[in-house]
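Report on the following structure.
The values are calculated or read from the model by the stated rules, or taken from the named source; none is laboratory data. Worth saying up front: this structure is predicted, and the values here are computed from it rather than measured. Methodologically, a virtual Cβ is constructed for each residue, glycine included, from the backbone with ideal geometry; neighbour enumeration extends over all protein chains shown.
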Amino acid sequence: MSPVVKSLAEAYVYPQAAWPRLILDGDLPVGFLMAFLELDWNGKGVDFRSGLWRLNVTPDAQGRGVGRFAVESVAAEVRRRGATQMYVTWEPGDGGPEGFYRKLGFQLTGEESGGQTVGVLDLKG
């Protein structure tokens, strides 16, 4: 899991694509998400994608629906902007978030990005 400060630095470098958000439970911060919106996926100007770039949930808030809320919030914004697919990447291996993302409907694309597994969620339905 990358620290929030790294995400904020990346948001500064990619202000046109980054969408950072604090997740609150009342007044209590319980997580952080950063989406990418219409990012030039391979740097060639032909494959623009949107999705979840980073998701951090505090240990006390895990298992309480915060992650699901974050994914659904990003999906709503991606849909609002007219996209029909939402992407996410994760570190493969035991103890990783693959089960969480697959449970939410993400399918494997067969791609890797920086050594991470790429998943896609169909937003047409």
Problem - Residues that are assigned to a helix (DSSP H, G or I), touching a residue at least 12 places away in the same chain (Cβ under 8 Å) and more than 11 Å from the chain's Cα centre (by Cα), drawn from region 57-67 - result: Asp60, Ala61, Val66
Problem - strands (runs of 3 or more DSSP E) wholly inside region 82-125 that include at least 2 residues being out of contact with any Cys (no Cβ under 6 Å at 6 or more places or on another chain) and under 19 Å from Met34 (Cα atoms) - result: 85-90, 116-122
Exercise for the section: Could you look through region 47-76, keep only residues that are acidic (Asp, Glu) and at pLDDT 95 or above, and pick out the one that is farthest from Gly119 (Cα to Cα)? Expected result: Asp60
Handout entry: Hey, Gly93 at pLDDT 95 or above, more than 22 Å from Gly31 (Cα to Cα) and more than 15 Å from the chain's Cα centre (by Cα) or not
Key = no
Exercise for the section: Name the residue, out of Pro20, Pro15, that is free of Cβ contacts under 8 Å to residues at least 24 places away in the same chain, under 11 Å from the mean Cα position of the chain (by Cα) and more than 18 Å from Tyr101 (Cα to Cα). Expected result: Pro20
Fill in the blank from the handout: When region 1-56 is checked residue by residue, the ones that are of a type in the set (Gly, Ala, Ser), surrounded by 15 or more Cβ atoms within 10 Å (Cβ to Cβ) and in a loop (DSSP other than H, G, I, E, B) are Ala17
Problem - Search result, residues across region 13-31 that are closer than 24 Å to Gly82 by Cα and of a type outside the set (A, V, I, L, M) - result: Tyr14, Pro15, Gln16, Trp19, Pro20, Arg21
Completion exercise
In region 90-125, anything in contact (Cβ under 8 Å) with a residue 40 or more places away in the chain and basic (Lys, Arg) is listed as Lys124
Practice task
Determine if region 57-65 includes at least one residue that is of a type in the set (S, T, N, Q) and either in contact with an Asp or Glu (Cβ under 6 Å, 6 or more places away or on another chain) or buried (at least 19 other Cβ atoms within 10 Å of the Cβ) (or both).
Solution key: no
